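Comments concern the structure below.
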There are 2 protein chains.
Amino acid sequence: MAEKGLLFVVSAPAGCGKDTILNELFKKTDSAGYAVSATTRSPREGEVNGVHYHFITREEFERKIDEKEVLEYTEYCGNYYGTLRKSVNDLIERGKDAILKIEVEGAMNIRRLFPEACLVFILPPSWEVLEKRLRDRGTESEEKIIERTRQARTEIGYAKNYDYLIVNDKLAVAVDDLLAVLRAEKLRRSRNDALLNGFEEGGDA
Amino acid sequence: MAEKGLLFVVSAPAGCGKDTILNELFKKTDSAGYAVSATTRSPREGEVNGVHYHFITREEFERKIDEKEVLEYTEYCGNYYGTLRKSVNDLIERGKDAILKIEVEGAMNIRRLFPEACLVFILPPSWEVLEKRLRDRGTESEEKIIERTRQARTEIGYAKNYDYLIVNDKLAVAVDDLLAVLRAEKLRRSRNDALLNGFEEGGDA
């Protein structure tokens, strides 16, 4: 019912399947769009510039920070990750929900800048499953895996600041959970004062 | 994720289709049940005791009030309408969401008694559509229709105290909206502290 799109933040530790969930989500709805983050890290195999991330250089990133084109950013494992203001505005003004896939510190910055943003944290079913998923990727060294599980522990500590928790046990369930959150948030009374005002003004009954 | 059922309140002015929405909802999910209200009004054609309402006498209703078996009640058009404590508890303790279909004043009482209850208000698409729906029922006198539209105006004035607003324009959309609300509410972080505690305790990564 809200005419402008809403801003959703989706965070999850590496290995929780947030990319897969979002890919499936976008197959099932066109009411939301992906606000592509910018990063200075190298693309992984199969990652496409402008689709998975805007891959830019450190110099370019820092220039955009100076020009206030970066809404929030954080440094993570030695690289910048950030949200370009333009990526968000383009979606919201077309009436689409903008989904930001960002790290926990970035999410907290978005919360401060946009108190009305809706924050969703994706959890693994258990620590065991998370570690197994990281190993099954087969792309990371043992050292990286230990670093990532430690990082996951820190990140899950931020989950208490989020609005919704989704456990990614079965992919299809997690996707439908996220779709329900997107749909329900638009119906919240606090986002629809204009609708009620319309009834008061038009009330000639 | 929450193991106990949640308490949902659904209110709407007469003619907004809340009965039809709830009937369709229960065809699509068995995670929620209807906490049948008690009333002293006479059954309408087709209404079944224990299904649509517990139809009881004034004396019986007042006895239940005295015995604290009535969670909330209100008088509306000369009849008592109320919620039996047992109807709600039976559902919630079986892990089902309890849905109360009650008037606005009853809803406000439930809000005071159960701050964690989730309140949903169903709106008509417009005043014109509401009046047309009341007339199309063909069961009410012109006088009653005027009384009901006036009543609707008062009730919509309470909608600002609800958590969600659903416009019943197309039935299937309204039903899916309500399903999304039920699903999303269970994912709210504020209802899932136990889940996060489990991660902190189990975190040996």
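Placing a pseudo-label 7 Å from each Cα along the Cα-to-Cβ vector at A:Tyr76 and A:Arg150 gives an inter-label distance of 1.8 nm. In this calculation the C-beta distance from A:Glu47 to B:Glu128 is compared with R0 = 56 Å, giving a FRET efficiency of 0.60.
If you take all other residues with their beta carbon under 15 Å from the beta carbon of B:Asp97, and give Lys and Arg +1 and Asp and Glu -1, the sum is +2.
Which net charge results when you count Lys and Arg as +1 and Asp and Glu as -1 among the other residues whose beta-carbon is under 13 Å from that of B:Lys64?
Working: positive: B:Arg58, B:Arg63, B:Lys68, B:Arg85, B:Lys86; negative: B:Glu59, B:Glu60, B:Glu62, B:Asp66, B:Glu67, B:Glu69, B:Glu72.
Net charge in that neighbourhood comes out at -2.
Could you compute how fast the protein assembly as shown diffuses translationally, taking Rh as the Kirkwood radius over C-alpha pairs and applying Stokes-Einstein at 37 °C with viscosity 0.692 mPa s? Give it in µm² per second. Rounded, D is 139 µm²/s. 3J(HN,Hα) along the stretch A:55-67: 7, 10, 7, 4, 5, 4, 4, 5, 5, 5, 4, 4, 7 Hz, from the Karplus curve 6.51 cos²θ - 1.76 cosθ + 1.60 with θ = phi - 60°, whole Hz, x for Gly and Pro.
Each residue of the stretch B:27-34 was assigned a 3J(HN,Hα) from its phi angle through the Karplus expression (A = 6.51, B = -1.76, C = 1.60, θ = phi - 60°), giving 6, 9, 8, 10, 7, 10, x, 8 Hz with x at Gly and Pro. Label-point distances for A:Ile92 to the equivalent site in the other copies, using a point 7 angstrom along Cα→C-beta, read 3.7 nm when ranked shortest first. Amide H to amide H under 5 Å from A:Val167: which residues, 5+ apart in sequence or cross-chain, H placed 1.01 Å off N in plane? Residues meeting the criterion, in which the H sits 1.01 Å from N, are A:Leu123. For A:Tyr80, the residues 5 or more places off, or on other chains, whose built amide H falls under 5 Å of its own are A:Thr40, A:Arg41.
Restricting to Cα atoms and excluding each atom paired with itself, what does the Kirkwood estimate give for the stretch B:1-86 in Å? Spell out each step's value before the answer.
Numbers: mean 1/r = 0.0697 Å⁻¹.
The Cα-based Kirkwood calculation yields 14.3 Å.
For B:Ala12, the amide hydrogen comes within under 5 Å of the amide hydrogens of B:Ile122, counting only partners 5 or more places away or on other chains and with H modelled in the peptide plane. Here is how far apart the A:Tyr76 label points are across copies: 4.9 nm, shortest first, using a point 7 Å from Cα toward Cβ. Rounded to the nearest Hz, the phi-derived 3J(HN,Hα) couplings of the stretch B:42-50 under the Karplus curve 6.51 cos²θ - 1.76 cosθ + 1.60 (θ = phi - 60°) are 6, x, 7, 4, x, 7, 10, 5, x, where x marks glycine and proline.
Relative to its Kirkwood radius, the Cα radius of gyration of the stretch A:1-160 gives an Rg/Rh of 0.96.
Between copies, the label points of A:Ser190, set 7 Å from Cα on the Cα→Cβ line, lie 0.7 nm apart, reported in increasing order to one decimal in nanometres.
Report the antiparallel proportion of the DSSP beta bridges in the protein assembly as shown as a percent, rounded to a multiple of 5. Walk me through the numbers before you get to the answer.
Values: 20 of 56 bridges.
Bridges in the protein assembly as shown are about 35 percent antiparallel.
No lab work stands behind these numbers, since they all come straight from the coordinates. Because the structure is predicted, anything quoted here is derived from the model rather than measured. Positions of Cβ are generated from backbone atoms using ideal geometry, with glycine treated the same way; all protein chains shown enter the neighbour counts.
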